[in-house]
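The values are calculated or read from the model by the stated rules, or taken from the named source; none is laboratory data. Because the structure is predicted, anything quoted here is derived from the model rather than measured. We place every Cβ from the backbone using ideal geometry, glycine too, and count neighbours over all the protein chains shown. The area values use the complete protein model at the heavy-atom level, side chains included, leaving out ligands, DNA and RNA. Shrake-Rupley method; radii C 1.70, N 1.55, O 1.52, S 1.80 Å.
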Amino acid sequence: MSGDVCLDLVVRNARIATGSDVFNADIGIANGVIVMLGAQLPRGAREIDAAGRWVLPGGVDAHCHLDQPTGDGSVMADDFASGTRSAACGGTTTVIPFACQQRGGTLQAAVDDYHRRAQALALIDYAFHLIVTDPTPDVLERELPALIARGYTSFKIYMTYDALKLNDRQILDLLAIARRERAMTMIHAENADCIAWLTERMLARGLTAPSYHALSRVPVVEREATHRAISLSEMLDTPVLIVHVSGREAIEQIQQAQWRGAPIYAETCPQYLFLTEDDLALEGFEGAKCICSPPPRDAANQDAVWRALDHGVFSVFSSDHAPFRFDGPHGKKAYGEQATFDKVPNGIPGLETRLALLFSEGVLAGRIDVNRFVEMTSTGPAKLYGLHPRKGTIAIGSDADLVIWDTFEPRPIRNADLHHNVDYTPYEGRLVRAWPGITISRGDAVWQRDTGFVADAPGRGQFLPCERPVALHRSRRERKTGGSVFPWLEALGM
Ligand code: DUC
Ligand code: ZN
Ligand code: ZN
C-alpha cells in the first residue's frame, strides 16, 4: 500500500452492503471520493470506528418536491435548505426534485428558476427531473433535446391534475423524443376523468371529508392508467417508470409487462407500506395530513407492495416528499378546516423518515435483505437516472456518500425530532429500531445522531448533471434475431 496517500477520513471496520454484496473493510476517503477499500488502511486525518455497524451507500431520494411552485395558493413548507437538511438527517445524500414547466412557459425558465432556488441553499448534492406540462413543438424538438444533452435526462408527465395532465397523444409525442434522445420518462398514472367523475358525484352528495379522497381515487383508477401508460411505452418500445405505485392492481399490470420483457420500471413509497386509508378517516380534519395521490390503500395492498419489493418489481423506493404544513394559510388548511377533500393540497412529508422506516420494518424485520434495501433506496435510482457509479454505491472512485447506521430498541418517531419545516409527520409515534447514526456527504459528516449535529453549510451541495440511461433503452427489436417485432416503428423510420 502506498505510503504517499493522504487520507482525509478513514471509516474503520465497516460492515458494508452494496446492492449486491456484503463485506467488511475500512473505507479510505480523499477529496470527497472513496480511494481505498481494504484491511488495515493507513491512518487518516480523521477516523471513525464503525465496528459492529452497517455502513451503506447514502440514500438517493429520486422523487421529492422541494420549493416547487404549486399555482393553487398552497406553498411548500420546505425549501432547499430545510429539505436537504432533513434529507441528510435521514441518511439521504442525493435528492432529485422537479423543475416544473408552467403552462405557457418554457422548460428553460423552469430550470433557471429552480437553480436559483437550490444553489445557495442545498446541503447535499442534487439533480433535477423536469416536469413537462406543455409539450409544444418547440419544447419537443428544441428545448427538451437540448436539456437532455445538458444533464436533465429524466422527465415526469402526469395523466391527472388539471394544471399538469397530458393526453395520450401528447404522451406519445414525448415518448418518441425520450426514445430518440435516450431519456427516462416517469409517469404519474391515475385516470383524470374517472377521478373527476367520482369527485363530482361525491361532492354533490355532501361526501366531502378527507376520507373521500381515497374513494375518489380507487385502485381501478390507478390500474387503468398504469395499463395505458405501459401500452404507450410498449407501442414506442421505450422505457417508462411508473411512480408511486400504491397496491396490488397496479403491481399486477407492471409485473405482467415485466414478464413480457417490456421496459417497465416502478417506484413505490413509504406511505404505501406504513399508512392505510384508515389514516384519512381520522377525527375531524386530521385525515387531511395523509392526503396524497395515489392514496394509501388497505392492509392487503400493503402486503402486496411488500411482496413486490421483495420480488424485484420495484427499482426505486422514494419518499414523494411533498411538504405542506397542517396549520397556517398555505398548507392543508389553505381553504379552511371545512374544505372539501378535493381542495386539500396533495402530499405528505417523508424525506427524513424514508430510510429508517424501510430499514427497520424491511431489513431488521426480515421482510427484505440488506442488498435489496440498498438497491431500491440508492443504487437503483442512481442507475436509472444516470448518476451511477458516482452515486449509489461504495466503490473506489465513487463519491464518499455513506450512512453509518445505529440500531436500538424500538423508539417512536417524533416530529419534534425531525428537521423538515412541516408541523407534523404522518408517522408520529411509529416505532423504529434504526436511524442513520452518521451521514457522510462527499467525505463530510453532515449529520451525527449522538450529538444532534447537523452541518450548517447551505450551498455546499452540488448540482449533478445526469447521464442518459442508455442501457435501459436496449430495444427488444435490437435483441431479436430475424424480422422486426415493431414493424410500425420500422415503417416510421424510428
Ligand atoms: N402526489 C403527487 O403526484 N405529487 C405530490 C404529492 C402527491 O400526493
Ligand atoms: Zn405524482
Ligand atoms: Zn410526487
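Figures for the structure shown
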quantity: Mean ellipticity per residue at 222 nm, deg cm²/dmol - from DSSP H runs of n ≥ 4 across the chain, formula -39500 (n - 2.57); calculated: -7000 deg cm²/dmol
quantity: Binned Cα-Cα distances of segment 1-493, short to long, each 10 Å bin given as a whole percent; calculated: 4, 20, 31, 27, 13, 4, 0, 0
quantity: Debye-sum result for segment 279-322 in log10 I(q)/I(0), which assumes one identical scatterer on each alpha carbon, at q = 0.22 Å⁻¹; calculated: -0.89
quantity: Largest to smallest accessible area among 235, 202 [probe 1.4 Å]; calculated: 235, 202
quantity: Volume per residue that the Cα convex hull of segment 82-133 spans, once the total is divided by residue count, Å³; calculated: 68
quantity: Debye log10 I(q)/I(0) for segment 1-157, one point scatterer per Cα, at q = 0.11, 0.19 Å⁻¹; calculated: -0.61, -1.10
quantity: Residues with amide H under 5 Å from that of residue 63, placed H, sequence gap 5 or more; calculated: 96, 319, 320
quantity: Segment 1-493, dipole about Cα centre (Lys/Arg Cβ +1, Asp/Glu Cβ -1), debye to the nearest 20; calculated: 900
quantity: Accessible-area composition of segment 343-393, carbon plus sulfur, in percent [1.4 Å probe]; calculated: 44
quantity: Under 5 Å, built H, 5+ apart or other chain: amide partners of residue 190; calculated: 159, 160
quantity: Exposed trypsin sites (Lys or Arg not before Pro) absent: longest stretch of the chain, with sites in DSSP loops and at most 14 other Cβ within 10 Å deemed exposed; calculated: 261-413
quantity: Accessible surface, the chain, averaged per residue in Å² (probe 1.4 Å); calculated: 38
quantity: In sequence order, calculated HN-Hα J values of segment 116-123 (Karplus, 6.51, -1.76, 1.60; Hz; x Gly/Pro); calculated: 4, 6, 8, 3, 7, 10, 5, 8
quantity: Apportionment of accessible area to carbon and sulfur, segment 1-69, percent (1.4 Å); calculated: 48
quantity: Rg ratio (alpha-carbon, reference 2.2 N^0.38 Å) - segment 326-384; calculated: 1.67
quantity: Solvent-accessible area, 1.4 Å probe, carbon plus sulfur percent, for segment 136-264; calculated: 54
quantity: Residue-by-residue Karplus 3J(HN,Hα) for segment 250-262, coefficients 6.51, -1.76, 1.60, Hz, glycine and proline x; calculated: 5, 4, 4, 4, 5, 4, 4, 5, 5, 4, 6, x, 6
quantity: Computed FRET value (nearest 0.05) for residue 286 with residue 163, which takes r as the C-beta separation and R₀ as 35 Å; calculated: 0.80
quantity: For segment 96-206, the fraction of alpha-carbon pairs in successive 5 Å shells from zero, as %; calculated: 2, 11, 21, 22, 16, 10, 8, 5, 3, 1, 0
quantity: Percent RCO, i.e. relative contact order, over segment 303-452, from Cα pairs under 8 Å lying at least 6 residues apart; calculated: 22
quantity: Relative contact order of the chain, defined on C-alpha pairs under 8 angstrom at six or more residues apart (%); calculated: 22
quantity: Beta bridges by DSSP in the chain, antiparallel share as percent, to the nearest 5; calculated: 45
quantity: 5 angstrom amide H check on residue 7, placed H, neighbours 5+ away; calculated: 45
quantity: Rel. contact order, % - alpha carbon contacts under 8 angstrom, at least six apart, segment 164-268; calculated: 31
quantity: DSSP-loop GluC sites (Glu not before Pro) across segment 237-311, with at most 10 other Cβ within 10 angstrom; calculated: 283
quantity: Options 380, 405, 453, ranked by Cα towards positive dipole end of segment 370-471, top entry (Cβ charges); calculated: 380
quantity: In Hz, Karplus ³J(HN,Hα) per residue of segment 219-235 (6.51, -1.76, 1.60; θ = phi - 60°; x = Gly, Pro); calculated: x, 5, 5, 6, 4, 4, 5, 5, 4, 5, 4, 5, 4, 5, 5, 5, 4
